[in-house]
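Below is one structure, written out as structure tokens, with a few remarks after it.
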Amino acid sequence: MSKRQLVIFTVGPVQSFIASARKTEDFWSGSYILSYLVREAMKTLYQADPHCEIVYPLVSKEELENPSSRRLHIASIPNRFTAIVEGETEKAKAILQETEQSVRNVFCDFCFQAIDNVFPFLLDHEKEKLKTTTEAQIRSFLEIYWVAEPYDETAAFKQIRERAERRLGALKNEKRYESVPQHGLVCTVCKEREALCLEDIDEFDRYGTMKQKLERTWERCAGIYKEPEENSEQEQYVGRIKNNEFLCGICLGKRVARDYFTPIFKAAGTKFRTFPSVMEIGSGKYYAIVMMDGDNMGKWFSGENKEDYSRISQKLAHFSQKVVPNIVETDYHGRLVYAGGDDVLAFVPVDEALKIAEELRFAFSDEKKGLGKGATASVGLIVAHKKAPLQLVLNEVRRLEQKAKSYYSETTKQQKDALAIAVHTHSGEISEAVLPWTVEQEKITDELHQFLSLLKESLSPTFIHHFTQAFYPLLHEKYHLKWENKEMVRTELRRLLKRSMKEGAKIDNLDSHVETLMKLHDIVPSGYDFLYLLKILTFFKRKEGTEE
Ligand SMILES: [Zn+2]
């Protein structure tokens, strides 16, 4: 019998935790709660087995007990951990059951506290009713999976880990969904679970009756959570629960998460900072979201022995806990939602977005800051108007990140390691392009910056207009993805650059600028990408330092 067990423990469902968000605060709290629950799981594991060793993510016992106050507001724990626990299989299973139960308890406590805070004037049996509904919702929502595989040091770590992964995958496939009987109207945020209601819903109730029952319940929430009267002094509470919002137990917990976390932050010696709304990100009417995901992470973690695995774990911990927050929040003016392992998501000002994306990507392949040589990452970057529905923008940036991940160049045969970038203007115009981060080991962003400074110094913004006029018609056929005659493109570019020079400006080395643009033209998948890329850069240039 093996005396140690390799354990993988996961909490989810990740997408549902973070998917339904009407406000940045919902989105932040979904990610944060998930990270917090996994943190609690690791703490329970350490308590149950003080000799256990958590190999991924690398978080020390001290850091778990006393997290650094500077980075406390960032969701920094991925939704799974790998550990080695002492004892035989049965003992490990008992420990894991205890860990799972503690995660469920913490999440229930979390949502129950929200009910107590939001509905302080309800009678006990009324609160109990809302909590019973919430408990059932949590039971069917929370997905916790774990496996324990005997860990014998004479056997290869890699094989044991792969066996554990396979068993975990099988467990997830077998999942049976526990359905919660629903009669009433669904929650206005997730549109999935039933909204909390004090009165029983009769199966013959009409829509209007059900709505009245909900309104009577939500009228009873404490004044500070209600939408204030117009011109009220309570500005800071604006919109916490709007008059037409009826939430389920889980979405309510997420919405008022800051009440739960404020004292925890205080105990850690720091002040709880609410997540800024999109309005507060950068100046002007637009903001950006950067989403990064490391490529081929499975390969990085495929080391033969535990030491290799731990080394990667350590590098990722350094990257996500130190390097990423420094780039996004210290060097620039962004706010991180999460930075766990190789995953990063941040809200950033438009004029800094490209720089932030670039620095994150190249830090990832830096020997000291990230995984080192050979590491690559795919990044989605979206620029959207502050009035665009957040849910839509989030779905789009996720799609862009996937688009970058499926980048493939016919000429260089390069896969992934790309940037997919899009600008959605208020008027509904969408420009979207994908390009690799490097070509022949050189950063492609150098070319982007070159063109940006050309736009800034010598080129009139009408350039993009002339360019579109000249080239767009040539792309009219659907499958005609590139302009075939490169010499023609080159000549036209030279002519248009000359023609679009600002008054009094002169372009010193016109040919080198033409070549910069030709290089960009060659590496993007299609003529549309090239055209849109230039449009996007013109947009960036326009937004720099302007209030438009
Ligand atoms: Zn909901």
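Some notes on this structure:
- Tilt relative to the chain, helix 89-118 - C-alpha long axis, 0 to 90 degrees, to 10: 80 degrees
- Options Ser460, Leu520, Thr538, ranked by Cα towards positive dipole end of region 453-547, top entry (Cβ charges): Ser460
- Computed over the chain, the per-residue total of -39500 (n - 2.57) for DSSP H runs of n ≥ 4 gives a 222 nm mean residue ellipticity of -14500 deg cm²/dmol, rounded to 500.
- Cα centroid of region 312-381 to Cα centroid of region 34-87, whole Å: 21 Å
- Note: relative contact order over the chain, using C-alpha pairs below 8 Å and six or more positions apart, is 14 percent.
- Residue-count net charge about Asn305 - beta-carbon cut-off 15 Å; Lys, Arg +1, Asp, Glu -1: -2
- Of Lys226/Lys387; Lys43/Lys322; Lys43/Lys91; Lys131/Lys254; Lys306/Lys369, pairs whose Cα-Cα distance is over 19 Å: Lys226/Lys387; Lys43/Lys322; Lys306/Lys369
- Long-range amide H partners of Arg4 with built H, under 5 Å: Gly87, Tyr151
- Only alpha carbons enter this Debye calculation for region 279-439, each as an equal point scatterer, and the log10 of I(q)/I(0) it gives at q = 0.14, 0.15, 0.21 Å⁻¹ is -0.68, -0.78, -1.34.
- Under 5 Å from the amide H of Val337 lie the amide H atoms of Leu345, Ala346, Phe347, each residue being 5 or more positions distant or on a separate chain, with H modelled from the backbone and absent for Pro and chain starts.
- Solvent-accessible area of region 198-340 (1.4 angstrom probe, protein heavy atoms only): carbon and sulfur portion equals 47 percent.
- For region 87-246, the convex hull drawn through the C-alpha positions has a volume of 168 cubic angstrom per residue.
- Within the straight-line cut-off of under 14 Å between alpha carbons, the aspartates and glutamates reachable from Lys506 are Glu457, sequence neighbours fewer than 8 places apart in one chain being disregarded.
- Cross-link reach is defined here as a Cα-Cα straight distance under 17 Å, omitting same-chain residues fewer than 8 places apart; for Lys373 the lysines meeting it are Lys299, Lys315, Lys416, Lys443.
- Ratio Rg/Rh [Cα only; Rh per Kirkwood] for region 322-392: 0.98
- Global dimensions of region 453-547 from alpha-carbon coordinates: Rg and Dmax equal 13.3, 41 Å.
- Positive-end extreme of charge dipole, the chain - chosen from Cys251, Ser310, Thr262 (charges on Cβ): Ser310
- Stokes-Einstein D for the chain, Kirkwood Rh over Cα pairs, 25 °C, 0.890 mPa s (µm²/s): 95 µm²/s
- Crossing angle, helix 486-499 versus the chain [Cα axis fit, 0-90 degrees, rounded to tens]: 80 degrees
- Seen from Lys416, the other residues with C-beta closer than 10 Å to its C-beta sum to a net charge of -2, counting Lys and Arg as +1 and Asp and Glu as -1.
- Rounded to the nearest 10 degrees, the angle from helix 445-457 to the longest Cα principal axis of the chain is 60 degrees.
- In this calculation the C-beta distance from Ile224 to Lys191 is compared with R0 = 25 Å, giving a FRET efficiency of 0.45.
- The chain - accessible surface per residue (Å², probe 1.4 Å): 46 Å²
The values are calculated or read from the model by the stated rules, or taken from the named source; none is laboratory data. This is a predicted model, so every value here is computed, not measured. Counting neighbours? That spans all protein chains shown, and the Cβs are built from the backbone with ideal geometry, glycine included. Note: areas computed on protein heavy atoms with side chains; ligands, DNA, RNA excluded. Shrake-Rupley method; radii C 1.70, N 1.55, O 1.52, S 1.80 Å.
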